[in-house]
Amino acid sequence: MLIPVSLRSIRAAIGKAQSAIKQKFEEDKAKFAEASFNQLHDGAVHNGLTPSAEQIQTMRDMVARDVDHATEQHESTDLLKHLETMAEMADYFETHDEDADAVVISAEEFRVLKAHLNGDED
């Protein structure tokens, strides 16, 4: 199924969706980092070690590198690229059709944007 959405609404929804996705990514990254650090720290303590402040910082640095690497494939990466392409398509459509006031989105795009579509509200 395809549905028409005003250009203003689609732009607003894309912006809101991008913000929400970036926020979720940062939240997931923070949770993953905290869980990873706790496992590393608790494992050291379990093995009878009492990490110094310097060792704790080293552990946090190791976790930060691991989390950065692990989150390169986070689900948000492809979704943000898709939303950027949608924004570019809206720009292209509006630039090449002076009467353009709406676009048609697919059911999949609607699923991604549904929570952020508010008609023509800001």
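Name the single residue, out of those in segment 1-27 being in contact (Cβ under 8 Å) with a residue 24 or more places away in the chain and of a type in the set (D, E, K, R), that is surrounded by the fewest Cβ atoms within 10 Å (Cβ to Cβ).
Per the criteria, the residue is LYS22.
Find all pairs meeting these conditions: Cβ atoms under 6 angstrom apart; at least six residues apart or on different chains; first residue within segment 63-89 and closer than 30 Å to ALA12 by Cβ; second residue not aliphatic (A, V, I, L, M).
Within 6 Å, the pairs are THR71/LYS29; HIS74/PHE25; SER76/PHE25; LEU83/GLN18.
Residues in segment 7-14: is at least one modelled with pLDDT of 90 or more and within 15 Å of the chain's Cα centre (by Cα)?
Within segment 7-14, one or more residues are modelled with pLDDT of 90 or more and within 15 Å of the chain's Cα centre (by Cα).
The values are calculated or read from the model by the stated rules, or taken from the named source; none is laboratory data. No experiment lies behind these values; they were computed from the predicted model shown. We place every Cβ from the backbone using ideal geometry, glycine too, and count neighbours over all the protein chains shown.
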